[in-house]
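S.K.: Supplied in structure tokens, the structure appears directly below.
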Amino acid sequence: MSARPVPLALGPALPGCASAVALGLGAAALGSVALFAVALGALAVLAGAWLAVRIGARRVRVTRRVARRGLLEGRPVDVTFAVRGVGMLPVHVEALAPDGRWRALGPRGGATSWALDRPGAYVLGASPLRLRDDLGLFSRPVAAGAAEALLSLPEPLAPPRTARTGGADPVGDPEPDGLRAYVPGTPVGRIHWRSAARGGDLQERAFVTARQGLPLVVVDTAGVEDGPAVDWAARAAAGHVLALARTGGCRVLLPGDRAPTAVEDAAGGWAALHRRLAALAPGQPARPLDEPAAVVVRAAAAPEEAWRDRTPLPPGVVPVAEWSG
């Protein structure tokens with residue numbers, strides 16, 4: 001928790017102080033001992049709340065833990081706060097939620113949850129918190145946590161059933177270039193399970209020339225600025241690549257690359273390519289390749305539904321140009 005000196009925020013205490021002082025003046029004018037006692041008690045409560053927050057600012061410590069640094073967009077992320085030093089003090093710590101409201105943490109801490117609805121690289125700075133007395137009269141802004149890099153991965157969009165390249169149907173039962181007898185060690189994604197279910201010998205899908213015969217997916221972000229169109233291109237490309245990776249693999253040409261990257265199965269190169277799609281840069285044309293059957297994903301061709309409104313970023317989250325994780 002930040003230890004820098006920050007003035008106490010009066011909040012509802014200001015009218016309370018004014019009322020107590022006015023009550024004391026009225027008691028003095030009327031000569032009423034009872035009213036004076038009430039005014040003195042109110043001032044004592046205010047002073048006690050102020051002192052509790054002041055002491056708590058020196059004693060209370062808050063640490064933060066983020067569940068994971070790589071997350072799928074739209075999926076909730078738990079941010080946990082551990083609070084120490086409250087003891088018997090009548091104070092508590094509150095965390096700023098994504099909706100702009102303050103949520104009270106328990107005496108030992110608590111958790112808040114938020115999600116990023118767009119892919120990209122981000123930095124989570126110190127989380128805004130505040131220390132407050134239990135009566136809600138005084139508060140003091142504080143912060144917890146060091147800067148951490150976050151990567152929001154694009155949610156893969158299901159490719160259309162009509163998308164075929166190199167004999168492969170990403171969402172159907174592909175037969176890229178025919179079948180051949182199963183060879184031990186072949187990736188599970190290339191095994192033709194339907195032939196085995198019919199009672200025949202185990203077979204695998206065959207490709208013409210290994211990596212060079214894999215279907216090609218080309219991503220083009222030319223003609224658009226950073227925003228929903230690039231996000232849609234990342235999601236659409238992720239859907240094509242993941243579907244093809246599950247059924248034998250593919251090659252992917254991203255903007256700025258001189259040669260395609262092979263993704264031969266969903267357990268290997270897919271994770272690294274998924275991270276690259278999360279940090280997809282706008283305004284870069286794809287390098288043309290003489291492959292008419294390639295699947296080309298153009299950000300400039302993003303459908304109208306891709307231009308959905310973005311929700312505000314969670315407190316403390318700032319976008320960055322490059323992923324450094």
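The values are calculated or read from the model by the stated rules, or taken from the named source; none is laboratory data. These numbers come from a predicted model, not from an experiment. Backbone-built Cβ (ideal geometry, glycine too); neighbour counts: all protein chains shown. Calculation scope for accessible area: heavy atoms of the full protein, side chains included, ligands and nucleic acids excluded. Shrake-Rupley method; radii C 1.70, N 1.55, O 1.52, S 1.80 Å.
S.K.: Six or more apart or on different chains, Cβ under 8 Å: which pairs go from a residue in segment 280-298 that's at pLDDT below 75 to one that's hydrophobic (A, V, I, L, M, F, W, C)? Could you list them?
M.R.: R287/L253; L289/L216; L289/V218; L289/L253
S.K.: Filter segment 246-257 down to the residues that are outside any strand (DSSP E or B), under 24 Å from A229 (Cβ atoms) and of a type in the set (D, E, K, R) and list them by number. Steps first, please.
M.R.: Step one: of segment 246-257, the residues outside any strand (DSSP E or B) are 246-249, 254-257.
Keeping just the survivors that are under 24 Å from A229 (Cβ atoms) gives 254-257.
Passing the criteria: only D257.
S.K.: Exactly one of (1) open to solvent by 20 Å² or more (accessible area, probe 1.4 Å); (2) free of Cβ contacts under 8 Å to residues at least 40 places away in the same chain; (3) assigned to a helix (DSSP H, G or I) is unmet by L242. Its number?
M.R.: L242 satisfies all of (1) open to solvent by 20 Å² or more (accessible area, probe 1.4 Å); (2) free of Cβ contacts under 8 Å to residues at least 40 places away in the same chain; (3) assigned to a helix (DSSP H, G or I) except (2).
S.K.: Could you check segment 56-113 and list, in sequence order, the residues that are of a type in the set (V, I, T) and within 30 Å of W232 (Cβ to Cβ)?
M.R.: The first filter runs over segment 56-113 and keeps only residues of a type in the set (V, I, T), leaving 60, 62-63, 66, 77, 79-80, 83, 86, 91, 93, 112.
Correct list: V66, V77, V79, T112.
S.K.: So which of G166, G145, G227, G199 ends up being open to solvent by 30 Å² or more (accessible area, probe 1.4 Å), under 28 Å from the mean Cα position of the chain (by Cα) and modelled with pLDDT under 90?
M.R.: Details: G166 fails: under 28 Å from the mean Cα position of the chain (by Cα); G227 fails: open to solvent by 30 Å² or more (accessible area, probe 1.4 Å); G199 fails: under 28 Å from the mean Cα position of the chain (by Cα).
Unique residue meeting the criteria: G145.
S.K.: Could I ask something else about it? Could you figure out which of (1) under 34 Å from the mean Cα position of the chain (by Cα); (2) modelled with pLDDT of 90 or more isn't true of P90?
M.R.: (1)
S.K.: Still on this structure: Where the second residue is among the charged types (D, E, K, R) and surrounded by 13 or more Cβ atoms within 10 Å (Cβ to Cβ) and the first is farther than 25 Å from V91 by Cα and lies in segment 59-79, which pairs have Cβ atoms under 7 Å and are six or more apart or on separate chains?
M.R.: R69/E148; L72/E155; E73/D117; E73/R118; E73/E155; G74/D117; G74/E155
S.K.: Okay, next question. Looking for something over 22 Å from A272 (Cα atoms), among the basic types (K, R) and at pLDDT below 70 - is there at least one such residue anywhere in segment 187-195? If you could, list the steps in order and put the result at the bottom.
M.R.: So the first thing to find is which residues in segment 187-195 are over 22 Å from A272 (Cα atoms), and the list is 191-195.
Subset that is among the basic types (K, R): 194.
Next, only the ones that are at pLDDT below 70 stay: none.
No: segment 187-195 contains no residue that is over 22 Å from A272 (Cα atoms), among the basic types (K, R) and at pLDDT below 70.
S.K.: Please count how many residues of segment 278-325 are under 15 Å from the mean Cα position of the chain (by Cα) and of a type outside the set (V, I, T).
M.R.: Taking segment 278-325 and keeping what is under 15 Å from the mean Cα position of the chain (by Cα), we get 278-279, 310-320, 323, 325.
Next, only the ones that are of a type outside the set (V, I, T) stay: 278-279, 310, 312-316, 319, 323, 325.
The qualifying residues number 11.
S.K.: Tell me the residue from A18, A82, A67, A42 that is within 30 Å of S127 (Cβ to Cβ), at pLDDT below 85, surrounded by fewer than 18 Cβ atoms within 10 Å (Cβ to Cβ) and among the hydrophobic types (A, V, I, L, M, F, W, C), please. Please lay out each step first, then the result.
M.R.: Values: A18 fails: within 30 Å of S127 (Cβ to Cβ); A82 fails: at pLDDT below 85; A42 fails: within 30 Å of S127 (Cβ to Cβ).
Answer to the check: A67.
S.K.: Among the residues of segment 270-318, write down those that are part of a helix (DSSP H, G or I) and in contact with a Ser or Thr (Cβ under 7 Å, 6 or more places away or on another chain).
M.R.: Our first condition is that a residue be part of a helix (DSSP H, G or I); within segment 270-318, this holds for 270-278, 299-301, 304-306.
The answer is L273, A278, A299.
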